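Have a look at the structure below before the remarks.
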Amino acid sequence: MSILEVRNLSVQYHTCQESRQALDGISFSVGEGETVGIVGESGSGKSTAMLAVMGLLGDSAAVSSDGITVCARPVQPGRDIAMILQDSLNCLNPAVKIGRQITETVRIHRKCTKREAKERAEELLDMAGIRSPKLRMGQYPFELSGGMRQRVAIAIALACEPRVIIADEPTTALDAAVQVQILHLLKRIVEDTGTSLLVVSHDMGVIAALCSRVYVMKTGRIIEAGTAEEIFYAPVHEYTKKLLRDTKGHKPFPTHPQEVHLQEEHLQEEHLREKPQPPLLRLEHVTKVFGTDEGIRDVSMEIRAGEVYALAGESGSGKTTLARLLTGLLAPDDGKILYRGECLDAGKGKRAWNGKSAWNGKRAWNGKIQMVFQDAYGSLNPCLTVGQALGEALRAQGGKDRLTPAERRRRVEEMLCMAGLSPEDADRYPDEFSGGERQRIGIARALIPEPELLICDEAFSALDASTRKQVLDLLLTIQKEKKIACLFISHDLALIRQVSSRISVLCQGRLAESGETKDVCSDPWHPYTKMLLNSVLPPDPLKAGKVRPVFAEEGTQGTDSGKGCPFAASCGYAMKCCFEETPGPYRFGSRETACFLYSEKHTGKRAEGYTMTSQI
Amino acid sequence: MLAYTFKRLAAGLISLFVLATVTFFLVRLIPGSPFQSGSVSSQVVEAVEEEYGLNAPLFDQYAAYMGNLARGDLGISYQEPDTTVAEIIGRTWPVTASLGTAALLTAVILGTGLGILRAVSKRKAVREGIAAGGMLLAGIPNFAAAILLLLVFSVKLKWFPSAGLLSPAHYVLPVAALMLYPMAVISRLTGNALAAEMDRQYVLFARAKGLGRGRILFTHALKNAWVPVLNYVGPASAFLLTGSFVAESIFTIPGLGREFVSSVTNRDYTLILGLTVFMGTVVILVNLATDLVCAWLDPKLRRSYSGK
């Protein structure tokens with residue numbers, strides 16, 4: 001018997017100017033104890049469908065259907081049906097304590113005293129895998145980490161005593177390792193309580209890890225439905241095939257096998273053929289700390305001209321701090337940053353407009369390092385046309401060879417064409433473009449001063465799989481053509497694996513491991529790297545279902561004092577020294593790792609000419 | 001939190017010191033002497049100035065005044081030689097404060113109510129009516145409002161008395177004149193903040209978990225919406241509590257504001273200074289109280305004050 005039944009649901013949005021069909025007669029059902037997935041890219045109407053099911057759409061939406069029922073009754077939010085939203089930070093009230101947000105839910109659904117509600121809330125938090133529920137109940141949402149907040153949201157959903165839980169992008173905002181934990185928790189809850197689960201996601205990996213049945217949505221319609229095996233191993237619809245193909249790093253259904261093959265080969269080969277270039281940018285023991293735990297400590301690395309270098313790590317690992325140091329938005333507390341061997345003394349830095357110390361405005365490498373930001377729209381001034389924004393970037397490098405407005409216009413148009421846009425786009429405003437097009441503009445703006453190093457800070461994380469692939473291909477083509485070095489900052493190891501030749505892994509501000517990407521990704525040495533790699537969810541129900549969280553609960557990561565290995569507390573290999581001293585780096589050929597498993601002192605004498613292999 | 005309060009109080013003392021210093025020297029720039037008037041000869045003026053120590057070097061006078069101020073002594077009024085400045089404040093401030101409190105409470109209650117109505121009403125006419133009315137009221141300067149109220153309700157309709165502050169009925173018109181502008185602003189701020197809060201994810205989530213509309217509005221959204229409103233209410237209440245020069249003059253109310261106006265025309269140095277310092281103190285304390293209330297509403301702010 002199906003718990004949730006939706007028949008022929010249509011939604012139209014009416015605005016003053018136009019009406020838009022968001023959903024076009026979709027039907028789906030969720031059986032008892034079943035986990036069903038709905039997958040589709042942004043704009044496919046998945047979230048609209050879920051809000052329509054819950055009856056939470058605003059006044060501008062006209063909903064029509066032949067029946068939406070939960071347990072054969074019309075839907076009423078909170079009764080037999082509960083929902084978890086994507087953004088756990090924003091779905092908890094920032095001004096109300098966690099405890100109260102749960103107890104008020106408990107008290108809607110069962111008649112009980114405040115005391116009983118409190119006990120129930122603690123029970124629910126415990127069920128959601130939060131270790132000290134009493135402490136957490138008295139805290140506010142902003143005091144909790146992202147994963148912990150999502151657990152609280154799950155506890156609130158459970159407080160409704162639902163027969164079915166709708167999880168709308170439950171892990172999209174979370175780090176890979178935390179994502180695995182949360183997915184695991186959802187799975188356990190389904191097993192323990194027998195609720196049904198409806199998971200909505202754009203991520204094929206998440207769907208593969210959880211669901212037994214899958215619906216594929218595109219532009220307001222369900223275009224394919226079937227068991228997970230059918231959808232992932234034998235998709236019928238072209239769009240499903242494309243989705244699977246575009247999903248990061250895994251290409252089980254190439255339409256043009258040669259092309260895809262060639263591209264990968266091409267990448268790999270080129271990296272091999274290239275002679276080691278002289279270092280373009282060198283970091284020597286760079287430290288920049290905010291407060292007690294944020295920032296980076298003692299980071300050394302080297303980016304060569306023309307290479308794609310990747311920087312991997314979870315949120316809070318200091319990736320963005322590093323990007324800001326390199327672009328000169330911040331000056332290091334300690335250590336040196338050398339550009340083509342030229343160093344700028346940190347002492348000469350002046351205070352930037354935001355009160356943090358930064359480099360002087362004019363630098364030796366002015367304009368030679370450019371950045372592509374994660375939030376393409378946020379990084380474009382909405383009051384400037386694309387042409388003005390690009391022209392400004394061109395003018396900012398200044399110098400002797402000042403361009404006339406006509407020349408500048410020509411350069412802007414050339415650049416837009418190169419980025420796959422049309423010259424007429426120069427006169428349009430950022431809000432007239434789609435997400436992918438905006439990121440193309442971001443790339444064009446970064447490239448127009450002809451930089452030698454391009455920093456992409458999570459530049460592709462916000463894009464859908466297929467858009468990401470297009471924009472990424474574009475960037476890599478230009479990068480190769482113009483021999484620009486590229487620092488690729490991302491939490492997404494599957495993506496990094498695809499594009500970069502060398503990699504550094506950051507763990508809470510310290511370098512855990514660096515080396516050739518293919519070595520590090522196929523044979524990780526540092527336990528942290530291994531954990532990151534193990535958290536990647538392949539779009540394959542068999543493989544993704546096997547991904548297990550490394551540590552089951554939140555809040556086990558990190559040592560407090562900045563002493564010791566930052567990963568020690570959650571590392572299965574941790575020794576006593578890991579908590580007391582800071583390891584390494586230990587260098588072996590082209591690889592480097594900061595883990596005591598590779599130190600001579602802690603693992604005994606090594607024979608002459610010993611070849612290091614992975615110790616884990 | 002306590003440390004934060006002390007820090008703010010210390011900063012307030014410094015502000016008061018600067019305020020007193022600047023006012024002391026500025027007052028002396030008013031041409032003429034406090035004792036000058038048409039019928040008094042210059043010999044008499046000089047003799048009285050001698051007695052009050054006004055011909056001593058300016059810096060000595062300043063040092064003496066600041067010394068007295070530090071002991072809490074605001075001195076004697078020149079215009080009413082037998083009364084101290086403190087006595088004048090003690091006489092006039094309760095009048096002003098009662099008027100100000102009444103105006104503040106009505107402004108907050110009506111303003112918040114209208115704001116909520118504007119944010120949640122399903123009827124477009126109600127929403128836009130409140131928005132337009134608020135705009136209109138905020139646009140009327142308070143002297144015009146005061147005179148208009150006086151003309152209509154006191155002179156023409158004779159519903160309320162026009163001057164003094166003897167009975168509750170006397171309060172109606174001055175309170176109305178004082179509260180119109182703050183009420184309009186509060187309703188606009190509450191309406192905007194609440195509408196923004198109602199669009200937030202946590203409201204959606206609260207609806208999804210089955211909370212009722214009223215509960216979402218009053219326990220969830222309003223708590224967050226109040227912070228921007230309070231940032232206006234704080235300074236506005238300081239303004240109301242120190243007395244309105246215009247309203248008190250028009251309705252002939254014996255309050256702080258009117259006293260201040262007359263002290264300036266009389267060149268009553270000590271009274272001007274005393275009133276300025278007193279008003280400064282009220283403003284500083286009210287703003288501190290506002291910030292503490294904001295911190296109580298906004299846990300993030302609270303943590304930042306506690307330095308955690």
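Just the residues that are more than 13 Å from residue A:52 (Cα to Cα) and within 7 Å of chain B (Cβ to nearest Cβ), please, taken from segment A:70-87.
Of everything in segment A:70-87, those that are more than 13 Å from residue A:52 (Cα to Cα) and within 7 Å of chain B (Cβ to nearest Cβ) turn out to be A:78, A:79, A:82, A:85, A:87.
Only one of A:37, A:55, A:43, A:78 is surrounded by fewer than 18 Cβ atoms within 10 Å (Cβ to Cβ) and under 24 Å from residue A:1 (Cα atoms). Can you tell me which?
A:55
All but one of (1) at positive phi; (2) outside any loop (DSSP other than H, G, I, E, B); (3) assigned by TED's automatic domain parsing to the domain that holds residue A:152 hold for residue A:25, so report the exception by its number.
(3)
Is it true that residue A:126 is modelled with pLDDT under 90 and within 12 Å of chain B (Cβ to nearest Cβ)?
no
Go through segment A:102-116 and give me each residue that's acidic (Asp, Glu) and either under 14 Å from residue B:206 (Cβ atoms) or assigned to a loop (DSSP other than H, G, I, E, B) (or both).
Selection gives A:104 alone.
Which one of these does residue A:134 not meet: (1) within 14 Å of chain B (Cβ to nearest Cβ); (2) farther than 25 Å from residue A:38 by Cβ?
Against the list (1) within 14 Å of chain B (Cβ to nearest Cβ); (2) farther than 25 Å from residue A:38 by Cβ, residue A:134 comes up short only on (1).
Kindly provide the set of residues from segment B:189-235 that are of a type in the set (Gly, Ala, Ser), at the interface with another protein chain (Cβ under 7 Å from one of its Cβ atoms) and outside any helix (DSSP H, G or I), ordered by number.
Result: B:210, single match.
Can you tell me which of (1) over 16 Å from residue B:231 (Cβ atoms); (2) surrounded by 14 or more Cβ atoms within 10 Å (Cβ to Cβ) is the one residue B:139 doesn't meet?
In the conditions (1) over 16 Å from residue B:231 (Cβ atoms); (2) surrounded by 14 or more Cβ atoms within 10 Å (Cβ to Cβ), residue B:139 misses (2) alone.
Being assigned by TED's automatic domain parsing to the domain that holds residue A:47, surrounded by fewer than 24 Cβ atoms within 10 Å (Cβ to Cβ) and closer than 20 Å to residue A:537 by Cα is the requirement here; does residue A:188 meet it?
yes
Please pick out the residue among A:549, A:539 that is under 28 Å from residue A:247 (Cβ atoms), outside any helix (DSSP H, G or I) and modelled with pLDDT of 80 or more.
None of the other options fit; the residue is A:539.
Checking the conditions here, which among B:143, B:160 is touching a helix residue (DSSP H, G or I) at 6+ places or on another chain (Cβ under 7 Å) and without any contact (Cβ under 8 Å) to a residue 40 or more places away in the chain?
The conditions single out B:160.
List, please: which pairs have Cβ atoms under 6 Å, are six or more places apart or on different chains, and start with a residue in segment B:246-257 that is touching a residue at least 24 places away in the same chain (Cβ under 8 Å) and end with one that is crowded, with 20+ Cβ neighbours inside 10 Å and in a loop (DSSP other than H, G, I, E, B)?
Matching pairs, first to second residue: B:248/B:255; B:255/B:243; B:256/B:243; B:257/B:243; B:257/B:244.
Look through A:274, A:224 and report the one residue that is charged (D, E, K, R) and modelled with pLDDT under 90.
Answer to the selection: A:274.
Restricting the search to segment A:482-499, which residues are assigned to a helix (DSSP H, G or I) and basic (Lys, Arg)?
Listed by number, the residues that qualify are A:482, A:497.
Could you please let me know if residue A:229 is modelled with pLDDT of 85 or more, of a type in the set (Asp, Glu) and part of a strand (DSSP E or B)?
no
Regarding segment A:53-64, can at least one residue be identified that is touching a residue at least 24 places away in the same chain (Cβ under 8 Å), more than 26 Å from the chain's Cα centre (by Cα) and in a helix (DSSP H, G or I)?
yes
Working only within segment A:25-52, note down all residues that are over 29 Å from the mean Cα position of the chain (by Cα) and polar (S, T, N, Q).
A:27, A:29 - these are the residues of segment A:25-52 that are over 29 Å from the mean Cα position of the chain (by Cα) and polar (S, T, N, Q).
May I ask you to list pairs of residues, at least six apart or on different chains, whose Cβ atoms are under 7 Å apart, with the first in segment A:118-136 being in a helix (DSSP H, G or I) and the second being polar (S, T, N, Q)?
Partner pairs satisfying both residue conditions: A:118/A:103; A:121/A:103.
Residues are listed down the side, and each one gets a yes or a no for (1) touching an Asp or Glu at 6+ places or on another chain (Cβ under 9 Å); (2) acidic (Asp, Glu); (3) at pLDDT below 90:
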site	(1), (2), (3)
A:122	no, yes, no
A:131	yes, no, yes
A:135	no, no, yes
A:139	no, no, yes
A:146	yes, no, yes
A:151	yes, no, yes
A:166	no, no, no
A:173	yes, no, yes
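For segment A:85-101, give me the residue count where each residue is over 13 Å from residue B:209 (Cβ atoms) and assigned to a helix (DSSP H, G or I).
Qualifying residue count, segment A:85-101: 2.
Restricting to segment B:51-66, count the residues that are modelled with pLDDT of 80 or more and more than 18 Å from residue B:280 (Cα to Cα).
Number satisfying all stated conditions: 8.
If we keep just the residues of segment B:279-308 that are among the aliphatic types (A, V, I, L, M) and within 14 Å of chain A (Cβ to nearest Cβ), which is nearest to residue B:88 (Cα to Cα)?
Of everything passing the filter in segment B:279-308, B:293 is nearest to residue B:88 (Cα to Cα).
Look through A:407, A:414, A:424, A:458 and report the one residue that is among the charged types (D, E, K, R), under 30 Å from the mean Cα position of the chain (by Cα) and not assigned by TED's automatic domain parsing to the domain that holds residue A:39.
Residue meeting the stated conditions: A:458.
Going by the conditions given, is residue A:149 within 12 Å of chain B (Cβ to nearest Cβ), closer than 20 Å to residue A:124 by Cβ and basic (Lys, Arg)?
So residue A:149 passes the test.
Could you please find all residues in segment A:101-117 being facing another protein chain (nearest Cβ under 9 Å) and without any contact (Cβ under 8 Å) to a residue 24 or more places away in the chain?
A:104
With B:276, B:281, B:270 as the choices, which residue is at pLDDT below 85, part of a helix (DSSP H, G or I), among the polar types (S, T, N, Q) and on the phi < 0 side of the Ramachandran plot?
B:270
The values are calculated or read from the model by the stated rules, or taken from the named source; none is laboratory data. All values reported here derive from a predicted model rather than from experimental measurement. Reconstructed Cβ throughout: ideal geometry from the backbone, glycine too, with neighbour counts over all protein chains shown.
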